[in-house]
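The values are calculated or read from the model by the stated rules, or taken from the named source; none is laboratory data. This structure is a prediction, so every number in the text was calculated from the model and none was measured. In this analysis, Cβ positions are derived from the backbone assuming ideal geometry, glycine residues included, and neighbour counts consider all displayed protein chains. The accessibility values were calculated without ligands, DNA or RNA, using every heavy atom of the protein model including side chains. Shrake-Rupley method; radii C 1.70, N 1.55, O 1.52, S 1.80 Å.
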Amino acid sequence: MKKLKYIFLMAMIAIAASSCRKTLELVPEDYYGDGNFWKTEAQVTNFMVGLHKQFRDNQFMFLRLGEMRGGGFSNVDRQNTSLNELTIINQAIEETSSGVISWAGFYNPILQLNLFVQKVEAIDFLAADKKSYLLGQAYAMRAYYYFQLLRTYGGVPLVLEPEVLTGATDVVALRKPRATEAEVLAAIKADVNKSLTSFGNTPAPADKSQWNPQAALMLKGEVWLWSAKLYNTTADLAEAKAALNAITGTSLQTNFTDAFSYGKKNNSEIILAIRFRIGEATMSNYSTFLYSSFNFSGLHYKDSTGSGTTLDDPLTLGTGGGIQRYAYTFELFQSYDVADKRRNATFYDYYKVDKSTTPPVVTVRNTALVKFMGMIDANVRNYADDWPVYREADRLLMLAEITNAEGADPSEYIKAIRDRAFANADPTPFVNGTPDENELAIFAERSKEFVYEGKRWYDIRRMKFAGEPLVFISASHPYGVLDKGTQGYKILWPVETAIWTNDPLVDQTPGYTTSKPK
């Protein structure tokens, strides 16, 4: 043990000495460096930077949990490459093939956040406003992780103290059963409110790559909206609306593409984004939504008539190239109006055409995701656009959903979204209808607006038609992905065998077949 402490102490000293290292490459320290840590403002702020680095590392997990099961991902291979994660996309998750393991890996950052909260609440060398701001960030981030867990698993073990990181070693004492959904939701709400209290009246910073007061208000709006729609706590609608209306200084970018552009980070639409930058970090999985030159070049046409020459590398992927391990359904692409600017800003469509017949016959319809293409640097394409966690379009469409749930007209919010999408020339403007009709219209806008932003699965779980979540297959709309009678339990994810093997207090998610002894 002394040797381990010495190793970790040396690691701490090395990190402190390398002050020229970019701060986003730092990661939170562990318990064994505790004696020499939490002594200076730089240590505390660098720890928070490290927590955001962990947050960035979870970007693809946020996408996986929030979107892959939402019906927009394709399970059909159209490029002679095997597609990834079909267990998730096909709703085939079970205890033996859970899709995600170890509670999505979120308890590691949660424990680090618990440690941060405990240590920072106790220190007295920071200025009061600095200390409060840092705690505001920590509480918001912890609430966000637990909100992801709630929407994924329902009840989960609630760990709000840094027990392991502060020396607790009794395995039996550390075991925790799954808290109820109500208990987890209450903990999330408490953290969100603590965050907003800690932030106080501090204005939003110019840099939107870390948790900030406006992002905490967005989180409150989303959590309270979820509470109102999922648990029928209709009083929460008013609180959600108040939180979203308290956000100021944001506006839609005139052009949809500018909201994500590498050269326009921290633009007026962004409220919170995960920061990617050339030379620092890129979206490591993004290239798997594109095409491989081997299976693409000379084999496809830009249009379905097969006119012109075949395509080579129209997206200039270059030597790094790409591959299609994930794909969106072509039906999602077709759901956009041709005049909708979001269509070509999100997807690049291409076709295989058999020209041996008259007329030519399309044999493959496919798309590549172009929404976050980053930029080319030194002849290499870098997928380094920021990934929005919250942006103004989300605020407007949540307000539309809340307004509709209140029985009022959501037109002003939907109009703002569609005016931008159609450059103020909307061919079919939204017309206020019944609450169910409006709900479907709002979802249709969200499905086109937030591709690859990790929202669609959560949307179809939250949004409803005739009182039933859109997640369930219905003759009234095309969005359902689960049969309520036979798959209703699959709105929540299972845990793998190792979870309850290591902690016998944890039970399998209700509805799933389990081999756990009773």
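Put simply, the chain fits an ellipsoid with semi-axes of 38, 27, 25 Å; these come from the alpha carbon gyration tensor as the roots of five times its eigenvalues, largest first. Using a cut-off of 29 Å between Cα atoms, the listed pairs Lys131/Lys265; Lys39/Lys220; Lys194/Lys516; Lys229/Lys448; Lys208/Lys464 include Lys39/Lys220; Lys194/Lys516; Lys208/Lys464 as exceeding that distance. Computed over protein heavy atoms with a 1.4 angstrom probe, the accessible surface ordering of Arg342, Arg365, largest first, is Arg365, Arg342. With every protein chain kept in place and ligands, DNA and RNA left out, what is the accessible area per residue of the chain? Probe 1.4 Å, answer in Å². About 41 Å² of surface per residue is accessible. When segment 356-435 is described by a simple charge dipole with +1 on each Lys and Arg Cβ and -1 on each Asp and Glu Cβ, the residue from Thr428, Leu396, Tyr413 located farthest towards its positive end is Thr428.
For the chain, the longest principal axis of the C-alpha atoms and the axis of helix 236-245 are separated by about 80°. Each of Asn84, Tyr133, Tyr107 was placed along the dipole of segment 74-136 (beta-carbon charges, centred on the mean Cα), and the one lying farthest toward the positive end is Tyr133.
Peptides 352-363, 370-381, 116-127 ranked from most to least packed give 370-381, 116-127, 352-363, packing being the mean of other C-beta atoms within 10 angstrom over each peptide's residues.
A Cβ-based charge dipole, computed about the Cα centre of segment 219-359 with Lys and Arg at +1 and Asp and Glu at -1, lands at about 240 debye. Solvent-accessible area assigned to carbon and sulfur over segment 48-116 amounts to 48 percent, based on a 1.4 Å probe.
Enclosing the Cα atoms of segment 297-339 in their convex hull gives a volume equal to 116 cubic angstrom per residue. Compute the angle between helix 213-230 and the longest alpha-carbon principal axis of the chain, please, reported from 0 to 90 degrees and rounded to the nearest 10. Its long axis makes an angle of about 70 degrees. Note on segment 189-249: Cα-only Rg and Dmax are 11.9, 37 Å. For the chain, the longest principal axis of the Cα atoms and the long axis of helix 435-449 meet at an angle of about 90 degrees. Ignoring any ligand, DNA or RNA, what whole percent of the accessible area of segment 300-420 comes from carbon and sulfur when the probe is 1.4 angstrom? So the carbon and sulfur contribution to the accessible surface is 50 percent. Rg and Dmax, both from the Cα atoms of segment 255-390 and both in Å, are 16.2, 52. Working note: Cα atoms of segment 328-473, range along each principal axis, descending, whole Å: 54, 45, 33.
A 1.4 Å probe over all protein chains sorts Ser307, Ser292 by accessible area into Ser307, Ser292, starting with the largest. Counting only Cβ charges, +1 for Lys and Arg and -1 for Asp and Glu, the dipole size of segment 459-518 around its Cα centre is about 120 debye. Of all DSSP-defined beta bridges confined to the chain, some 95% are antiparallel rather than parallel. This model, with +1 at the C-beta of Lys and Arg and -1 at the C-beta of Asp and Glu, gives the chain a dipole about its Cα centre of some 820 debye.
In loop segments of segment 233-342 as defined by DSSP, the GluC sites (Glu not before Pro) with at most 14 further C-beta atoms inside 10 Å of their C-beta are Glu280. Label zone of Thr254 (point 7 Å out along Cα→Cβ, amide N under 16 Å): in segment 406-449 this covers 419-425.
In the chain, taking the dipole from charged Cβ atoms about the Cα centre, the farthest positive-side position among Ser287, Thr40, Thr96 is held by Thr40.
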